[in-house]
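Below is one structure, written out as structure tokens; the observations come after it.
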Amino acid sequence: MLSWFCIRGTNIVPDLWLGRYTPDRIDQDIKLLKDAHVNGVRICVHVNRQELYDSLDRAGIVAWQDFPLNWDYTHASEFMQEAARQLRDMIRQFYNHPCIVTWVCQNESTAYNVNVLGPFLASVGAQEDSSRPVRPVAPDTEHPYSGWYWGDYHDYVGTSAGPIVSELGAQALPSVEEMKEMAGDARPPDWDKLAYHDFQYEQTFHIAKVNMGSSWPEFVENSQRYQADVLKFAIEHFRRVKYQKIGSFFQSNPGISPRTL
């Protein structure tokens, strides 16, 4: 990333069904991004609607575009060739959008994919676009989830991640209405049912130590407050060391959603 431009970013996965991600919703999201002084987005492990890229172009918000490969998959040569074909198609489709500053071939992949598939796809991507960096992978070493998957969020002070931090943060519950849609009014809720919606019990209670309180409003408030504290602490630290250790960061909160595939 350019040393004079620190990206203050966020990962986005705006909807499980892009047919519902209407131009009006895109306009609302762009406004929220600008109001939050976000100047970059990571379009995380998916390809979005053309209208989003048009809006990012107009807003002057830069985009990190992932190719939709995540974790592990078959190691067959046929898969590699098909992935290469689809990567070429993605780059050709969005090449002319000035908002896009980088293409990234996969996320948090296994050793085989990092060492074999990633370099292969990066070379394919570089053939299609020699004007932008093509990264083989966004490795988990760029994802210092202190205070959520391990440790305490004050550990961000000593993190070795950088100059790119492509994920950080903590999960938070959505609105009270959405939580009741997922779990009903039962206290305590059916944890297995919430796990289906990706509620992370171990992290919420044993690492973050979020207090469930005596009602859904209390639980939601406590969860969202913890998330805010994590982000505030981490981002303030990154701002103090920008241009020294950090050139870009993208907050990312492990999702919980009432809408499932």
Within segment 84-119, residues modelled with pLDDT under 95, surrounded by fewer than 19 Cβ atoms within 10 Å (Cβ to Cβ) and touching an Asp or Glu at 6+ places or on another chain (Cβ under 6 Å) come out as Thr110
Residues in segment 202-261 that are farther than 26 Å from Ser160 by Cα, in a helix (DSSP H, G or I) and within 18 Å of the chain's Cα centre (by Cα) total 1
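Here are Asp155, Asp192, Asp185: which of them is assigned to a loop (DSSP other than H, G, I, E, B), among the acidic types (Asp, Glu) and either surrounded by fewer than 20 Cβ atoms within 10 Å (Cβ to Cβ) or modelled with pLDDT of 95 or more (or both)? Give the steps one after another, and end with the answer.
Values: Asp155 fails: assigned to a loop (DSSP other than H, G, I, E, B); Asp192 fails: assigned to a loop (DSSP other than H, G, I, E, B).
On inspection, the qualifying residue turns out to be Asp185.
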The condition from (1) free of Cβ contacts under 8 Å to residues at least 60 places away in the same chain; (2) farther than 24 Å from Gly184 by Cβ that Gln251 misses is numbered (1)
(request) Kindly indicate whether any position in segment 209-222 is surrounded by 18 or more Cβ atoms within 10 Å (Cβ to Cβ), over 28 Å from Arg8 (Cβ atoms) and aromatic (Phe, Trp, Tyr). (result) yes
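The values are calculated or read from the model by the stated rules, or taken from the named source; none is laboratory data. Small disclaimer: the values here were computed from a predicted structure and weren't measured. Reconstructed Cβ throughout: ideal geometry from the backbone, glycine too, with neighbour counts over all protein chains shown.
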